[in-house]
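Some notes on the structure that comes next.
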Amino acid sequence: MKIYTKQGDKGTTAVYTKEVIRVSKDDILVETYGTLDELNSQIGLLVSCINTMSPFNDSTNNMTEVTEISKWVTNLQTCQHDLFTIGFALSDTDKLTNESVGKLETWIDTIQSTLPPQTHFILPGGSFISSQTHVVRTIARRAERTLVSLSKIHDVNATSIAYLNRLSDFMFVFARLMNKVNSIEDIKVI
């Protein structure tokens with residue numbers, strides 16, 4: 001099977017909703033699919049960074065921290081599956097539930113309980129992993145904005161919008177956690 005079909009050479013693409021439709025490649029539905037795909041890919045990159053870089057390769061971290069980070073890698077991969085579910089929901093059946101949003105809230109609360117109180121605005125950055133997490137956070141915000149725009153003309157489950165909102169919050173606290181694990185202070189806005 002060839003990867004190229006030449007069907008989209010004139011700026012349209014097939015979208016598989018309950019029926020196959022052809023739309024312009026700059027259609028908001030295609031933009032939303034693309035942003036969700038980009039977000040999912042960036043989370044995949046984040047997982048790869050975590051698996052190949054600090055804290056795993058840093059001998060100063062104890063096994064408990066490494067085990068905890070492994071748990072978060074599994075959680076990040078759960079987010080990837082949830083994003084795929086959101087994309088699928090745009091084309092067919094929505095299976096994302098409020099439990100997925102609640103799961104993110106639990107993760108946020110768990111991480112925040114281990115962090116020092118945030119008393120100032122912080123800049124994206126610090127460790128490499130934290131910086132990548134902030135990239136994911138900003139794409140999650142864009143995906144949320146795109147999904148809201150799409151919801152004005154297409155059926156979108158409100159749970160999907162809430163999920164993306166909470167996902168960006170999760171990424172914010174996860175970035176702070178990655179700095180903490182790597183003994184790097186958050187960068188204060190001055």
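The values are calculated or read from the model by the stated rules, or taken from the named source; none is laboratory data. Not measured: the values here are computed from a predicted model. Glycine gets a Cβ as well: all are built from the backbone with ideal geometry, and neighbour counts include every protein chain shown.
Which one is surrounded by the fewest Cβ atoms within 10 Å (Cβ to Cβ), of the residues in the stretch 120-134 that are of a type in the set (S, T, N, Q) and within 18 Å of the chain's Cα centre (by Cα)? Step by step, filter the stretch 120-134, then rank; the result is Ser131.
Against the criterion of being at pLDDT below 95, polar (S, T, N, Q) and either over 30 Å from Asp27 (Cβ atoms) or surrounded by fewer than 17 Cβ atoms within 10 Å (Cβ to Cβ) (or both), Thr78 does not qualify. For the residues Arg142, Arg137, the requirement of being at pLDDT 95 or above, among the charged types (D, E, K, R) and buried (at least 21 other Cβ atoms within 10 Å of the Cβ) singles out Arg137.
The set of residues in the stretch 10-69 that are at pLDDT 85 or above and either closer than 18 Å to Ser183 by Cβ or among the aliphatic types (A, V, I, L, M) (or both) comprises Val23, Ile28, Leu29, Val30, Leu36, Leu39, Ile43, Leu45, Leu46, Val47, Cys49, Ile50.
Set side by side, the residues Thr110, Thr106, Thr97 differ, and just one is among the hydroxyl-bearing types (Ser, Thr, Tyr) and touching a residue at least 12 places away in the same chain (Cβ under 8 Å), which is Thr97.
Step by step: first the residues of the stretch 176-190, then only those that are outside any helix (DSSP H, G or I) and of a type in the set (D, E, K, R), then the one that is surrounded by the most Cβ atoms within 10 Å (Cβ to Cβ). Which residue is that? Among those that are outside any helix (DSSP H, G or I) and of a type in the set (D, E, K, R), it is Asp186. Ser149 meets the stated requirement of being touching a residue at least 40 places away in the same chain (Cβ under 8 Å), in contact with a helix residue (DSSP H, G or I) (Cβ under 6 Å, 6 or more places away or on another chain) and surrounded by fewer than 17 Cβ atoms within 10 Å (Cβ to Cβ).
Is the stretch 104-119 home to any residue that is assigned to a helix (DSSP H, G or I), within 30 Å of Glu19 (Cα to Cα) and not hydroxyl-bearing (Ser, Thr, Tyr)? No, there is no match, as no residue in the stretch 104-119 is assigned to a helix (DSSP H, G or I), within 30 Å of Glu19 (Cα to Cα) and not hydroxyl-bearing (Ser, Thr, Tyr).
Quick check, is Val173 assigned to a loop (DSSP other than H, G, I, E, B), hydrophobic (A, V, I, L, M, F, W, C) and either at pLDDT 95 or above or closer than 30 Å to Tyr16 by Cβ (or both)? Here the answer is no, as Val173 does not meet what is asked.
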